[in-house]
Amino acid sequence: MYTILIIIVISVISIIGFKDQQLSSKYAFSPYLCKHQQQYYRFFSHVFVHADWQHLLFNMISFYMFGELIENSFLLNYGISIGAVHYFVLFFAGGLFSTIWPYITHQNNSNYISVGASGAVSAIIFAGVLWNPTMQMGLIFLPIPIPAYIFGPLYLAFEYWAFKKSATNIAHDAHIGGALFGIAYTLLINHQKGIDFIHLIF
């Protein structure tokens, strides 16, 4: 229910932004404008706009696949009200934390902007990795499904390598930031998931 609602809102705003570049620019994350013009809303608003259809579809499909799992798990374990709060915090705070490193490194770069819910989606995905580490996962560049507890570390390693290589305009640092928040928040609300994950690996 909440996953679908978020997808609808993000999709509608993103599609409007495809035709209205002024709207897209207004919502994009700009560390420079956050610092020098106090436009702090951009720490969150970037989640609602995307660069193009491919960017939007990839994020929303990934979000739907894992968001439904986490949403249902949270509602089942914490009840409708508290579960919903945890879910929204996980998603939107994941989007916030995905901007921390880009902000630190680009706060004086007026040319740097980023858009998309990738960091927030990464938080959801890695909450799923901890919550259900034996589920099968895969991505386009890794089409063969593997257990989540193997996929998670491999994905983080790939993102770190891609970030250090810096060969594309993809915000790999945002993906890492969102993923780390997803892990941290899951451990905060259910530390047993971390213990179970370690036992599973070793």
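The values are calculated or read from the model by the stated rules, or taken from the named source; none is laboratory data. What you see is a predicted model, and the numbers here were worked out from it, not measured in a lab. No Cβ is skipped: glycine too gets one built from the backbone with ideal geometry, and neighbour counts run over all protein chains shown.
Pairs linking a residue in the range 83-103 that is farther than 12 Å from Val47 by Cα to a residue that is charged (D, E, K, R), with Cβ atoms under 7 Å and 6 or more positions apart or on different chains, are Tyr87/Glu71; Trp101/Asp173; Pro102/Asp173. Restricting attention to the range 22-37, the residues that are within 22 Å of the chain's Cα centre (by Cα) and among the polar types (S, T, N, Q) total 3. Among the criteria (1) surrounded by fewer than 21 Cβ atoms within 10 Å (Cβ to Cβ); (2) at pLDDT 95 or above; (3) not hydroxyl-bearing (Ser, Thr, Tyr), the one Gln136 does not fulfil is (2).
With respect to the conditions (1) buried (at least 22 other Cβ atoms within 10 Å of the Cβ); (2) at positive phi; (3) modelled with pLDDT under 90, Ser166 falls short on a single one, namely (1). Can you spot a residue in the range 54-67 that is in a helix (DSSP H, G or I) and under 21 Å from Asn190 (Cα atoms)? Checking the range 54-67: at least one residue is in a helix (DSSP H, G or I) and under 21 Å from Asn190 (Cα atoms).
Assessment of the range 1-19 against the conditions (touching a residue at least 60 places away in the same chain (Cβ under 8 Å), among the aliphatic types (A, V, I, L, M), assigned to a loop (DSSP other than H, G, I, E, B) and over 30 Å from Asn190 (Cα atoms)) yields no matching residue. Among the residues of the range 184-202, those identified as under 15 Å from Ser73 (Cα atoms), surrounded by fewer than 20 Cβ atoms within 10 Å (Cβ to Cβ) and touching a residue at least 12 places away in the same chain (Cβ under 8 Å) are Leu187, Ile189, Asn190, Lys193. Say we look at the range 1-23 and pick out the residues that are within 22 Å of Ser73 (Cα to Cα) and hydrophobic (A, V, I, L, M, F, W, C); which of these is surrounded by the most Cβ atoms within 10 Å (Cβ to Cβ)? The qualifying residue surrounded by the most Cβ atoms within 10 Å (Cβ to Cβ) is Ile6.
Name every residue in the range 96-139 that is closer than 15 Å to Cys34 by Cβ and part of a loop (DSSP other than H, G, I, E, B), in order of residue number. Ser98, Thr99, Gln107, Asn108, Asn109, Ser110, Asn111, Tyr112, Ile113, Val115, listed by residue number. Being farther than 18 Å from Ile124 by Cα and loosely packed, with under 14 Cβ neighbours inside 10 Å is the filter here, so list the residues in the range 26-77 that pass it. Correct list: His36, Gln37, Gln38, Tyr40, Tyr41, Asp52, Trp53, Gln54. I need the full set of residues from the range 90-115 which are among the polar types (S, T, N, Q) and within 16 Å of Val49 (Cα to Cα), in order please. Of everything in the range 90-115, those that are among the polar types (S, T, N, Q) and within 16 Å of Val49 (Cα to Cα) turn out to be Ser98, Thr99, Ser114. Which members of the range 147-202 meet the condition of being in a loop (DSSP other than H, G, I, E, B) and aromatic (Phe, Trp, Tyr)? Correct list: Phe202 only.
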